[in-house]
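Structure, as structure tokens:
The values are calculated or read from the model by the stated rules, or taken from the named source; none is laboratory data. Since this is a predicted model, take the numbers as computed values, not measurements. FYI the Cβ positions are ideal-geometry reconstructions off the backbone, even for glycines, and counts take in every protein chain you see.
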């Protein structure tokens, strides 16, 4: 069970080695997931004051191959995943699990 953002990031690295973390602090996490050589999804999670009571804020950037509508749908679904877990840690792992399964 995670008890901090740092714990969540360690779990992310352990559970999803295919996710490349560019930057991580207690305030935000920027990582990317490359499904294929031409399809790369970059995600920034911002941890607001009061996290995990308040859900992480998610911003998705995608390679040009990913249609804008699909990017918006992914961002919406990842945001919902985080919102559903508001009040508990593990939002990071569940968001990335949803991304990998998308």
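Being part of a strand (DSSP E or B), surrounded by 15 or more Cβ atoms within 10 Å (Cβ to Cβ) and either touching a helix residue (DSSP H, G or I) at 6+ places or on another chain (Cβ under 7 Å) or free of Cβ contacts under 8 Å to residues at least 40 places away in the same chain (or both) is the filter here, so list the residues in region 8-34 that pass it.
From region 8-34, those part of a strand (DSSP E or B) are 19-24, 28-34; that's our starting set.
Still in the list and also surrounded by 15 or more Cβ atoms within 10 Å (Cβ to Cβ): 19, 24, 28-33.
Within region 8-34, 19, 24, 28, 29, 30, 32, 33 qualify.
Considering region 87-97 alone, what residues qualify as being more than 15 Å from residue 3 (Cβ to Cβ) and either touching a strand residue (DSSP E or B) at 6+ places or on another chain (Cβ under 8 Å) or at pLDDT below 95 (or both)?
95, 96
Could you check residue 84 against (1) under 22 Å from residue 3 (Cα atoms); (2) modelled with pLDDT under 95 and say which number it fails?
(2)
So residue 52 passes all but one of these: (1) surrounded by 14 or more Cβ atoms within 10 Å (Cβ to Cβ); (2) part of a loop (DSSP other than H, G, I, E, B); (3) out of contact with any helix residue (DSSP H, G or I) (no Cβ under 8 Å at 6 or more places or on another chain). Which condition number does it fail?
Looking at each condition in turn, residue 52 falls short on (3).
Could you check, for region 65-77, whether at least one of its residues is loosely packed, with under 13 Cβ neighbours inside 10 Å, modelled with pLDDT under 95 and not in a helix (DSSP H, G or I)?
yes
Here's a check for you: in region 35-49, which residue that is surrounded by 19 or more Cβ atoms within 10 Å (Cβ to Cβ) and at pLDDT 95 or above is farthest from residue 84 (Cα to Cα)?
So the residue we want is 43.
Please verify whether region 91-98 includes one or more residues that are surrounded by 16 or more Cβ atoms within 10 Å (Cβ to Cβ) and over 11 Å from the mean Cα position of the chain (by Cα).
Checked against the condition, which is being surrounded by 16 or more Cβ atoms within 10 Å (Cβ to Cβ) and over 11 Å from the mean Cα position of the chain (by Cα), region 91-98 yields no hits at all.
Could you give me the residue pairs with C-beta distances under 8 Å whose first residue belongs to region 77-97 and is free of Cβ contacts under 8 Å to residues at least 12 places away in the same chain, whose second residue is part of a loop (DSSP other than H, G, I, E, B) and buried (at least 16 other Cβ atoms within 10 Å of the Cβ) wherever it lies, and which are 6+ apart or on separate chains?
Close Cβ pairs (under 8 Å, with a partner that is part of a loop (DSSP other than H, G, I, E, B) and buried (at least 16 other Cβ atoms within 10 Å of the Cβ)) do not exist here.
Sort out which residues of region 35-49 are part of a loop (DSSP other than H, G, I, E, B) and out of contact with any strand residue (DSSP E or B) (no Cβ under 7 Å at 6 or more places or on another chain), and write them in order of number.
Answer for region 35-49, where residues must be part of a loop (DSSP other than H, G, I, E, B) and out of contact with any strand residue (DSSP E or B) (no Cβ under 7 Å at 6 or more places or on another chain): 37, 38, 49.
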